[in-house]
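Okay, so here's the structure we're looking at.
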Amino acid sequence: MKLRLMEKSNALYDAALSLLYPQACAVCGSGVEVHADGVACAACWKRTRIFSEDDLICWKCGLLAPGSVAEDKRREVRCRRCDGEAYTAARACGAYEGALRASVLALKREPYVSKRLARLLFETQQREPLNSATRIVPVPLHPERLRERGFNQAAVLAAALAKLSGLPFDEWSLVRTVHTERHRAGMDERARRESVENAFAVRRPRLAENERILLVDDVFTTGATVSSCAKALGDAGAQESFVLTVARPV
Ligand SMILES: [Zn+2]
Ligand SMILES: [Zn+2]
């Protein structure tokens, strides 16, 4: 009864809100009808590719793989390009396009995670092997960058996930010690990799010890940053590290 009333009042709230502030969808420009959808409209969410358990992927880095394999062989699928990475497994909620891309870009300006996005992060985290994580750690910003932006978008995502999953949120163990430009123009993959190598340190090793860490970030591109984080955590005694991002290019 109470829940139905809440649903009703949420619907009323959305209706009132869209009358007062008809927010334009960041993708197509038409109105966003449901507050929980964040910056994109329902139609754009529908057009955005969300990954599911049926997708065949490299079990380690999450890269979409062609073809199909038997259910019991899914864990053995590897792209081999990620063999050297320090994390156990990386997953993204979906493709870096449409509603997910707009959500990621909006999060760089405003520290807000829509209900829909939080739910997606949670659903992706609940799948194997990320569901065995014991602690959530956002990919840290360098203090200088943090001062410029005012917040760490990865920490905002990680906090939203921690709230839904009940896992401890740990913003203090891992720090970025080297100020690197994240996407400097003209940087090839090797240069990017070198720029984040040894850029992270674990300040509270006791908190990471024997834990299965879930690293959270907005976008997974080459994986160099999260791999460097996972290496630092592993050196500090963490059992293993997983990676969860909102999106990845496909
Ligand atoms: Zn739209
Ligand atoms: Zn791979």
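Restricting the count to DSSP beta bridges whose residues both fall in the chain, what percent are antiparallel, rounded to a multiple of 5?
25 percent
For segment 63-101 and segment 172-250, what is the separation of their Cα centres, given in Å?
Here the answer is 18 Å between Cα centres.
What net charge do the residues around ALA238 carry, taking every other residue with its C-beta under 9 Å from that of ALA238, with Lys and Arg at +1 and Asp and Glu at -1?
-2
Among CYS58, PRO111, GLY94, which residue has its Cα positioned farthest towards the positive end of the charge dipole of segment 20-121, with +1 placed on the Cβ of Lys and Arg, -1 on the Cβ of Asp and Glu, and the dipole taken about the Cα centre?
With unit charges placed on the Cβ atoms, the residue in question is PRO111.
Give a residue-ordered list of calculated ³J(HN,Hα) values for segment 64-70 (Karplus: 6.51 cos²θ - 1.76 cosθ + 1.60, θ = phi - 60°; whole Hz; x for Gly, Pro).
Ordered by residue, 3J(HN,Hα) equals 4, 10, x, x, 8, 9, 5 Hz.
Name the long-range amide H neighbours of GLU97: under 5 Å, sequence gap of 5 or more, or other chain; modelled H, no Pro or chain starts.
none
Among TYR96, TYR112, rank each residue by its count of other Cβ atoms within 10 Å, from fewest to most, as a rough exposure measure.
TYR112, TYR96
Straight distance only, please: which aspartates and glutamates reach the Cα of LYS163 with their own Cα at less than 20 Å, same-chain residues fewer than 8 apart left out?
By straight Cα distance, LYS163 reaches ASP37, GLU110, GLU123, GLU128, GLU171, GLU211, ASP217, ASP218.
For the residues GLU76, GLU197, GLU240, what sequence is obtained by ranking on other C-beta atoms within 10 Å, fewest first?
Listing GLU76, GLU197, GLU240 from fewest to most nearby Cβ atoms yields GLU76, GLU197, GLU240.
Report, to the nearest 10°, how far helix 224-235 tilts away from the longest principal axis of the Cα atoms in the chain, using its own Cα long axis and a range of 0 to 90°.
60 degrees
Read-outs: derived from the displayed coordinates by stated rules, not from any lab. Small disclaimer: the values here were computed from a predicted structure and weren't measured. Note: ideal-geometry Cβ built from the backbone for every residue, glycine included; neighbour counts use all protein chains shown.
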